[in-house]
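The values are calculated or read from the model by the stated rules, or taken from the named source; none is laboratory data. Bear in mind that the values here come from a model prediction, so they are computed numbers and not experimental data. FYI the Cβ positions are ideal-geometry reconstructions off the backbone, even for glycines, and counts take in every protein chain you see.
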Amino acid sequence: AQSVTQLGSHVSVSEGALVLLRCNYSSSVPPYLFWYVQYPNQGLQLLLKYTSAATLVKGINGFEAEFKKSETSFHLTKPSAHMSDAAEYFCAVREDSNYQLIWGAGTKLIIKP
Amino acid sequence: DAGVIQSPRHEVTEMGQEVTLRCKPISGHDYLFWYRQTMMRGLELLIYFNNNVPIDDSGMPEDRFSAKMPNASFSTLKIQPSEPRDSAVYFCASRPTGATGELFFGEGSRLTVL
């Protein structure tokens, strides 16, 4: 069965600094992978997705993620953090048997001024 | 296009009362999901429907919880009787068949049971 691990329940970076949120997955087949963002008091919205095309995926708001099969990772990055990036970020993998999403526990991104 | 619409956005009720949460999925989406989010347990899948039929309700915590989807454009999640431990944010999400698996979420219903 697929699973997702997000390292760090909280990540704190200074405004303008690099953002790196880590996600590792387990899957016996080529996975479909997703990053979602949840701003305070809102629902989850899709940031980006990997669907076995290009390994470097660009998303909204300047975020991107790289699929690395050898490391079973799909880390999320942004070169320069902005205060508006403060939110919770969820990594998910699509379960192959029924297309359901298996969710990571989430990482809260805190931006220091 | 309208997204997933949930109501109410906020509900405060007393223990023992019945609570009904409502969801209108995106038109054309034939999968509908109910999730619960709490600080302690994170995001939990409660139940999902395909073409209005419940497919997997193994995440429903107990018999006090029930969900229905009488037609393609409406679903309800009911808690009767409610308890303080049911306090959470409840999300509805939908997706079409044959897509990558991407879910479209509503804004959520924040439930507080006193």
Looking only at residues in segment B:5-25 that are in a loop (DSSP other than H, G, I, E, B) and more than 17 Å from A:Q42 (Cβ to Cβ), which one is nearest to the chain's Cα centre (by Cα)? B:P25
Can you say whether A:T72 is touching a residue at least 12 places away in the same chain (Cβ under 8 Å), under 29 Å from B:A88 (Cβ atoms) and β-branched (V, I, T), as far as the supplied structure shows? no
Quick check on segment B:38-52: of everything there that is within 27 Å of B:T97 (Cβ to Cβ) and in a loop (DSSP other than H, G, I, E, B), which residue is farthest from the other protein chains (Cβ to nearest Cβ)? B:N52
Given the condition among the β-branched types (V, I, T), assigned to a strand (DSSP E or B), surrounded by fewer than 17 Cβ atoms within 10 Å (Cβ to Cβ) and under 10 Å from the mean Cα position of the chain (by Cα), answer yes or no: does some residue in segment A:26-40 qualify? no
Restrict the check to segment B:73-84 and report whether at least one residue is out of contact with any Cys (no Cβ under 8 Å at 6 or more places or on another chain), closer than 23 Å to A:Q42 by Cα, outside any strand (DSSP E or B) and within 11 Å of chain A (Cβ to nearest Cβ). no
Out of B:S66, B:S94, B:S73, report the one residue that is crowded, with 20+ Cβ neighbours inside 10 Å and out of contact with any Gly (no Cβ under 8 Å at 6 or more places or on another chain). B:S94
Determine, yes or no, whether B:E107 is free of Cβ contacts under 8 Å to residues at least 60 places away in the same chain, in contact with a strand residue (DSSP E or B) (Cβ under 7 Å, 6 or more places away or on another chain) and in a loop (DSSP other than H, G, I, E, B). no
With respect to the numbered conditions (1) away from every other protein chain (no Cβ under 11 Å); (2) small (G, A, S); (3) without any contact (Cβ under 8 Å) to a residue 60 or more places away in the chain, which one is the sole condition not fulfilled by A:G43? (1)
Evaluate segment B:6-16: report whether one residue or more is within 11 Å of another protein chain (Cβ to nearest Cβ) and surrounded by fewer than 15 Cβ atoms within 10 Å (Cβ to Cβ). yes
Options A:L7, A:L44; residue that is in contact with a strand residue (DSSP E or B) (Cβ under 6 Å, 6 or more places away or on another chain), among the hydrophobic types (A, V, I, L, M, F, W, C) and modelled with pLDDT under 95: A:L7
